[in-house]
Amino acid sequence: MEMDATGKSRGQWIFHGEFDRTVGYLSDQKKILGFNPFCHSVEQLADENAYRWLFRVTDPQKNPFDVVFNVKQEDELLLEIPEEVAGISVEEFTEEMISEYTVGRKISWRHHPVGESFEDPKNYKFEGKATAEILLTPLAGARTMVDFDLRVDVRFILYPAFRIIPEQIIRSMTNAGMSFIMQTATNKMFQCISNDFGTVRQV
């Protein structure tokens, strides 16, 4: 029996770290996902800013299964442009102007379709889709606000022991369980990141 499941995690943290340093740190998928207890590996793909994640998890009966995510990362600089320079193309801005008008940066993770399939249901290996937005805002005192919002969608095959449970109930249980696991892993990830910043405080 196939089952679609969705898990979500989100949170806000204040990094006691300068804005550009925090952006550079959180742009490094290999580094930050290395702190996720379920992430087995992060591999860079041939396409620019594209990665393959391998997550290894177990179900409530301790049966293992793998989930592969292909992810494309995009960065967007957020500017607040005053009226007196609104007619000037952003490409013509000097570095000083960009620095002055910058109010944040958004790092986005999007599902990155690839031609080959990695699913192998008989060996409990499945493909998932991950989307996330990481919004970074500079604060006074060399600090940075980080707003993290992640969603993953996975289609997998239930182990036989779960097939006797009504689908609506098992779907609700699965979504809630996935979200709980993801939120716990996200909190653990940011807790580990705090070792490199001295202080990372959850809001």
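Nothing in this text is a laboratory measurement; each read-out follows from the coordinates by a stated rule. Just so we're clear, the structure is a prediction, and the values are computed from it rather than from any experiment. Note that each Cβ is placed from the backbone with ideal geometry, even for glycine, and that neighbours are counted across all protein chains shown.
Rounded to the nearest 0.05, what FRET efficiency do Lys72 and Thr6 give with R0 = 22 Å and r taken as the Cβ-Cβ distance? Could you check?
Between Lys72 and Thr6 the formula returns 0.65.
Under a Cβ-Cβ cut-off of 13 Å, what is the net charge of the residues other than Glu127 that fall near it, where Lys and Arg count +1 and Asp and Glu count -1?
-3
If one takes the longest principal axis of the Cα atoms in the chain, at what angle in degrees, from 0 to 90 and to the nearest 10, does the Cα axis of helix 167-197 lie?
That works out to roughly 40 degrees.
Dipole of the chain, Cα-centred, from +1 at each Lys and Arg C-beta and -1 at each Asp and Glu C-beta, to the nearest 20 debye? Provide the component values of the computation, followed by the final result.
Working: 22 positive and 31 negative charges, 313 e Å.
That gives a dipole near 1500 debye.
With the contact rule set at Cα under 8 Å and sequence spacing of 6 or more, what percent relative contact order holds for region 2-202?
35 percent
Could you order the peptides 40-52, 99-111, 115-127, 14-26 from most to least packed, using the average number of other C-beta atoms within 10 Å per residue? Walk me through the numbers before you get to the answer.
Numbers: 40-52: 13.5, 99-111: 16.0, 115-127: 12.0, 14-26: 18.5.
Going from most to least packed, we get 14-26, 99-111, 40-52, 115-127.
In region 2-202, if the dipole is taken from +1 on Lys/Arg beta carbons and -1 on Asp/Glu beta carbons about the Cα centre, which of Met173, Val67, Val103 is farthest to the positive end?
Met173
Could you check the spin-label model distance between Val114 and Ser27? Points 7 Å from the Cα along Cα→Cβ, value in nm.
Each label point is offset 7 Å from its Cα along the Cβ direction, giving 2.3 nm.
Calculated FRET efficiency, Cys192 and Glu18, Cβ-Cβ r, R0 25 Å, to nearest 0.05?
So the FRET efficiency works out to roughly 0.80.
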